[in-house]
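The values are calculated or read from the model by the stated rules, or taken from the named source; none is laboratory data. This is a predicted model, so every value here is computed, not measured. No Cβ is skipped: glycine too gets one built from the backbone with ideal geometry, and neighbour counts run over all protein chains shown.
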Amino acid sequence: MKIQMKQIRNQIMNILKTSTICAAAITAVGCAGLGVAQQSTQTEILPATMGTGSNTYIGTYYAMVKATNSAGSILISPTNGVQSCTLQDISGYPAPYSSSLVATRKSDGHCWYTNNNNSLTFPVTNGINYTMCAYVNSMPPPPTNGQPITLQIQWSTNAP
């Protein structure tokens with residue numbers, strides 16, 4: 001078991017040396033105890049749900065997507081030791097594309113949000129679940145016909 005953990009640690013170190021993206025499975029398990037800095041990034045390419053709606057925080061939207069964890073659940077937990085999360089829409093669609101981001105702490109329903117800004121940083125607490133969504137504000141939106149929205153979730157040991 002000790003040799004296997006050392007092999008896993010070496011594989012993770014090699015991945016982190018060649019990439020700034022920490023695999024979603026590592027994000028879910030956490031990097032604690034493996035000697036890896038506790039900052040990880042998860043990138044997801046998700047199909048947008050098209051349709052007009054309204055949200056208390058961001059107003060009218062034309063498409064939306066919810067971030068998921070490695071098991072496919074919308075409840076996302078920070079890895080041990082992190083203090084903040086940065087959620088970004090890195091889809092790269094040209095103007096007039098615009099999205100708003102909303103993160104909700106499930107324990108009390110507290111929300112953080114941005115309007116027409118593709119990045120949101122908020123404080124997190126270990127052991128608490130969060131949901132994270134992107135809402136497309138621009139009309140007509142890309143994406144259309146199932147084009148994906150790309151969300152990036154970065155956990156950090158630094159306070160926001």
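The set of residues in segment 66-78 being over 16 Å from T121 (Cβ atoms) and either without any contact (Cβ under 8 Å) to a residue 24 or more places away in the chain or touching a Cys at 6+ places or on another chain (Cβ under 7 Å) (or both) consists of K66, G72, S73. Checking each residue in segment 58-89 for being surrounded by 15 or more Cβ atoms within 10 Å (Cβ to Cβ), of a type in the set (S, T, Y) and more than 13 Å from the chain's Cα centre (by Cα) picks out Y61, Y62. Please work out which residue is nearest to Q152 (Cα to Cα), limiting yourself to segment 92-112 and to residues that are at pLDDT below 95 and among the aromatic types (F, W, Y). This residue is Y93. In the condition set (1) touching a residue at least 24 places away in the same chain (Cβ under 8 Å); (2) surrounded by 18 or more Cβ atoms within 10 Å (Cβ to Cβ); (3) under 15 Å from the mean Cα position of the chain (by Cα), N129 is compliant with all but (2). Listed by first and then second residue, the pairs with beta-carbon distance under 6 Å, at least 6 apart or on different chains, first residue in segment 145-160 and within 13 Å of S99 (Cβ to Cβ), second modelled with pLDDT under 90 and small (G, A, S), are I149/A48.
Is it the case that some residue within segment 132-144 is of a type in the set (V, I, T), in a loop (DSSP other than H, G, I, E, B) and touching a helix residue (DSSP H, G or I) at 6+ places or on another chain (Cβ under 7 Å)? Outline the logic, then answer.
Step one: of segment 132-144, the residues of a type in the set (V, I, T) are 136, 144.
Right, trim to in a loop (DSSP other than H, G, I, E, B) and you get 144.
Within this subset, residues satisfying the condition of being touching a helix residue (DSSP H, G or I) at 6+ places or on another chain (Cβ under 7 Å) are none.
Scanning segment 132-144, I find no residue that is of a type in the set (V, I, T), in a loop (DSSP other than H, G, I, E, B) and touching a helix residue (DSSP H, G or I) at 6+ places or on another chain (Cβ under 7 Å), so the answer is no.
Here segment 105-126 is the region considered, the condition is being part of a strand (DSSP E or B) and in contact (Cβ under 8 Å) with a residue 24 or more places away in the chain, and the residue that is farthest from G59 (Cα to Cα) is P123.
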